[in-house]
Amino acid sequence: MINFIVQFVVALVATISFALLFHVPRTEFLYCGITGGAGWIFYVLAMQWQSSNVVASLIAVIVLAIMARIFAVFRCCPVTVYLICGIFPLVPGAGIYYTAYHFIMGEMELFSAKAMETFKIAVAIALGIVLILSLPGAIFKIFSPRNCKTRKIN
Amino acid sequence: MPDQKAILQLVVHAGEILLSGGAEIFRVQETMERIAKAYGANKLHVYVLTNGLFASVEDDGKTLNSELRYVPRAAMHMGKIVAINDLSRRIETGKISYSQAMNELDRINVLPFTNKYARIAACAMGAACFCYLYGGGVWDALAAFISGVILQIFLLFTEKQTLNRIVLNILAAALASIVSFIMLNVFGIGSNLDKIIIGAIIPLVPGMALTTSIRDFANGDYLSGTIRLIDALLVASSIAIGVGGVLVGIGLITGVAV
């Protein structure tokens, strides 16, 4: 349990770091962080339940995209803000590294396995995003605050 | 009420800022159409690509004016996207006059970037956190932190230079790997080179290009989606080349396989 909390907080801080690098307004930092943290926690949970990190990525990205859409409506901001920052923990950075590593080491079997896995993760991420973003906006209407039209951000 | 040409100017300006801030095609197109409609230009035609946009207004079946803008790749600025989104929503309520909207756009266009030191800290923190998430220990995270500091200083330094994006990413990834290697083997910080390097290169990974590409494809903007997908693939390959090159170099110089 403690481990999950630590993982969530670290993923939250990591996501906020990226929000800062992309010049997201300060008021949205926490929401970006929660989106990223939630995505990562579901990734970790999914990895305990089964062993494929492609499936885990798909589950995590679905959760993340739903969170991003809820926050987008709730905070009257474009969904991009939460989605791009929150996706970073799931982007296959490790996949890129190990693909390069095995290629350099001449371990062709491991190389092709890693390259294929990285590609599959990218496809899973794409699928999850497309799936959730194509849901009709009416579903998320309940999270809309009344003052969206008059609220001024920065 | 502003005339149609003036509306076109406003709309194109808004689209330009959105696009250079890194918004997806659909958002740029929709925002432009909404603003035009709010000011009474009902026949606006826009066509937006990743690096340029075309727009024209039509009245009584003939084109009044058309505008074309080339929007070169710029640094992602989410603050601008949020601000324009907000502005367009307020314009739609009809409470903002044309000149007010123009002033707002000029203000948004020069919204500052986050200060340098905060960006260095953020890059370092991001690298350290990801190193930890991918299974590195606390000391590995510290090594990634230092690599992150040096990486962001390098990125800030090369920001003004017109360095090719591929070369830039190869150099940056190589630098991050070298620093990680030095941290581990010279200063003895950390124990897993792979985890440290993975953390250190994360700030370079094309998450934004990949996500925007997916969204463009989903909205049917295949051309723009392809442009961004190629960007993402090139950056990912550049990172792999940078890291791989350093690993080979280390192997050749020290005589041990890493």
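Before moving on, here are some points about what is shown:
- Residue list for the range B:213-258, filter: facing chain A (nearest Cβ under 8 Å) and either within 17 Å of A:Val123 (Cα to Cα) or touching a strand residue (DSSP E or B) at 6+ places or on another chain (Cβ under 6 Å) (or both): B:Ile214, B:Arg215, B:Phe217, B:Ala218, B:Ala236
- Test: residue in the range A:44-56 that is of a type outside the set (Ser, Thr, Tyr) and under 22 Å from A:Ile139 (Cα atoms): no
- Count of the range B:34-55 residues which are in a loop (DSSP other than H, G, I, E, B), touching a residue at least 40 places away in the same chain (Cβ under 8 Å) and under 19 Å from B:Tyr98 (Cα atoms): 1
- Filter pass, A:Val13 being crowded, with 24+ Cβ neighbours inside 10 Å, β-branched (Val, Ile, Thr) and within 22 Å of B:Leu204 (Cβ to Cβ): no
- For the range B:67-90, the criterion of being more than 14 Å from every other protein chain (Cβ to nearest Cβ), farther than 30 Å from B:Thr226 by Cβ, surrounded by fewer than 20 Cβ atoms within 10 Å (Cβ to Cβ) and modelled with pLDDT under 90 is satisfied by no residue at all.
- Residue list for the range B:74-90, restricted to those being basic (Lys, Arg) and without any contact (Cβ under 8 Å) to a residue 40 or more places away in the chain: B:Arg89, B:Arg90
- Test result for A:Gln48, more than 28 Å from A:Pro145 (Cα to Cα), surrounded by fewer than 24 Cβ atoms within 10 Å (Cβ to Cβ) and within 15 Å of the chain's Cα centre (by Cα): no
- Just one of the listed residues (A:Tyr101, A:Tyr43) is facing another protein chain (nearest Cβ under 7 Å), assigned to a helix (DSSP H, G or I), out of contact with any strand residue (DSSP E or B) (no Cβ under 8 Å at 6 or more places or on another chain) and over 30 Å from B:Ser20 (Cα atoms), and it is A:Tyr101.
- Matching residues, the range B:1-33, being part of a helix (DSSP H, G or I), charged (D, E, K, R) and either closer than 20 Å to A:Cys85 by Cα or within 14 Å of another protein chain (Cβ to nearest Cβ) (or both): B:Arg27, B:Glu30
- Check on B:Gly148, assigned to a helix (DSSP H, G or I), touching a residue at least 40 places away in the same chain (Cβ under 8 Å) and out of contact with any strand residue (DSSP E or B) (no Cβ under 7 Å at 6 or more places or on another chain): yes
- Number of positions in the range B:91-120 that are in a helix (DSSP H, G or I) and either in contact (Cβ under 8 Å) with a residue 40 or more places away in the chain or facing chain A (nearest Cβ under 8 Å) (or both): 11
- Residue match in the range B:202-212 (condition: within 11 Å of another protein chain (Cβ to nearest Cβ) and surrounded by fewer than 20 Cβ atoms within 10 Å (Cβ to Cβ)): no
- Any hit, the range A:134-150, residues being among the aliphatic types (A, V, I, L, M), part of a helix (DSSP H, G or I), crowded, with 16+ Cβ neighbours inside 10 Å and modelled with pLDDT under 90: no
- Checked against (1) within 18 Å of the chain's Cα centre (by Cα); (2) assigned to a helix (DSSP H, G or I), B:Ala75 passes all but condition (2).
Residues are listed down the side, and each one gets a yes or a no for (1) more than 22 Å from A:Leu21 (Cα to Cα); (2) at pLDDT below 90:
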{"position": "B:Pro2", "(1), (2)": "yes, yes"}
{"position": "B:Ala6", "(1), (2)": "yes, yes"}
{"position": "B:Ala14", "(1), (2)": "yes, no"}
{"position": "B:Leu19", "(1), (2)": "no, no"}
{"position": "B:Gly22", "(1), (2)": "no, yes"}
{"position": "B:Glu33", "(1), (2)": "yes, no"}
{"position": "B:Tyr39", "(1), (2)": "yes, yes"}
{"position": "B:Lys43", "(1), (2)": "yes, yes"}
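- Qualifying residue in the range A:80-87 (condition: within 10 Å of chain B (Cβ to nearest Cβ) and of a type in the set (S, T, N, Q)): yes
- Looking at A:Thr80, A:Thr27, A:Thr35, just one residue is over 14 Å from the mean Cα position of the chain (by Cα) and either within 24 Å of B:Ala74 (Cα to Cα) or not acidic (Asp, Glu) (or both), and that residue is A:Thr27.
- Every listed requirement among (1) facing chain B (nearest Cβ under 9 Å); (2) closer than 27 Å to B:Glu92 by Cα; (3) surrounded by 14 or more Cβ atoms within 10 Å (Cβ to Cβ); (4) not aliphatic (A, V, I, L, M) is met by A:Gly93 save one, (2).
The values are calculated or read from the model by the stated rules, or taken from the named source; none is laboratory data. Everything numeric in this text was worked out from a predicted model, so none of it was measured. Don't worry about glycine lacking a Cβ; one is built from the backbone with ideal geometry, like all the others, and counts go over all protein chains shown.
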